[in-house]
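Below you'll find the structure, written out as structure tokens, and then a few comments.
Coordinate-derived values only; no laboratory data. Predicted model only: the values in this text are computed from it and were never measured. Cβ coordinates were reconstructed from backbone atoms using ideal geometry, including for glycine residues, and neighbour counts include every protein chain displayed.
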Amino acid sequence: MSAFEVTLTIAMVVLSLCLVLTAIRFAIGPSLPDRIIAFDLIVANVIGIIAIYTEFTNNQNFIDVAIILSLFGFLGSITFSYYLMRINK
Amino acid sequence: MESNIDWLQVREIISCVLILIGVGFMLTSTIGLLKFPDFYIRMSAITKGATLGLGLILLGMGIYFDEPGTLLKVLAIIAFTFLTAPVAAHVIGRTAVQNNIPFWHRTNMTEFDKYLTQEHLNQYINHDRYKNVKAAESGDAVDGSE
């Protein structure tokens, strides 16, 4: 196992830990906007995991998945916040 | 002399350093999300830390695959993230202010209180902005005051 693979494994483990911590905030978040920003961070973490997985497998088709995911994460948070604005007017 | 350099190893080292720095930023912003006391402070931590960390991780990946197409896709993702993260944070923050999400008790609120007073005054001045329209529909005479 080379140093490069060790680094990628460490990065994967730390990003998975980040995902678990974000999920804790998603569960205990006292208000709905807290959950929206936790969702935003989950999307960012998953994009990072996809990038590291692309380096593991040397398969460059996964980068398109990251592009689509960054688009849909933005649309999701914008949609949730406009929904909150509507229901409280 | 240049033929002695193993370019694959150089790219691996640069990619390792960038990925480790980016993962450190992601971990910092996640701990900030979990530990900070207030919604607004948490949002600030996420918007700065996660965007920078994601940009560094993707840049490390683009440098590792030494191809123009991959680097172009990576730069597209980075540009899109840097454009959309502040916009999303702004919209969510405005929604939180409108929904009366509580502030931290040690936040300095003087400017925000001044802004709220000004907005309340403006609302009081033109609280019925469709007055002229309603008068015109009911057939009454419309006075010239806008």
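Would you order B:Thr30, B:Thr107, B:Thr70, A:Thr7 from fewest to most other beta-carbon atoms within 10 Å of each residue's own beta-carbon?
With the fewest neighbours first, B:Thr30, B:Thr107, B:Thr70, A:Thr7 line up as B:Thr107, B:Thr70, A:Thr7, B:Thr30.
For the protein assembly as shown, what is the mean residue ellipticity at 222 nm derived from helices alone (per DSSP H run of n ≥ 4: -39500 (n - 2.57); sum divided by total residues; nearest 500 deg cm²/dmol)?
Helices in the protein assembly as shown give a 222 nm mean residue ellipticity of -28000 deg cm²/dmol.
If each Cα of the protein assembly as shown is one equal point scatterer, what is log10 of I(q)/I(0) from the Debye formula at q = 0.08, 0.18 Å⁻¹?
-0.42, -1.27
Give me the distance in nm between label points sitting 7 Å out from Cα along the Cα-to-Cβ direction at A:Leu71 and A:Tyr53, one decimal.
1.9
Mind jotting down the three principal axis lengths of region A:3-87 based on Cα atoms? Whole angstrom, largest first.
The Cα atoms of region A:3-87 stretch 51, 27, 11 Å along their principal axes.
May I have the convex hull volume per residue, in Å³, for the Cα set of region B:2-105?
Convex hull volume per residue, Cα atoms: 90 Å³.
If a/c stays under 1.5 just call it rounded; otherwise compare a/b with b/c (prolate if a/b is bigger, oblate if not). Do that for region B:28-86, with a ≥ b ≥ c from the square roots of the Cα gyration tensor eigenvalues.
It is oblate, given that a/c is not under 1.5 and a/b is not larger than b/c.
Test of understanding: ordering A:Tyr53, B:Tyr64, B:Tyr40 by Cβ neighbours within 10 Å, fewest first, what list do you get?
Lowest to highest Cβ neighbour count: A:Tyr53, B:Tyr40, B:Tyr64.
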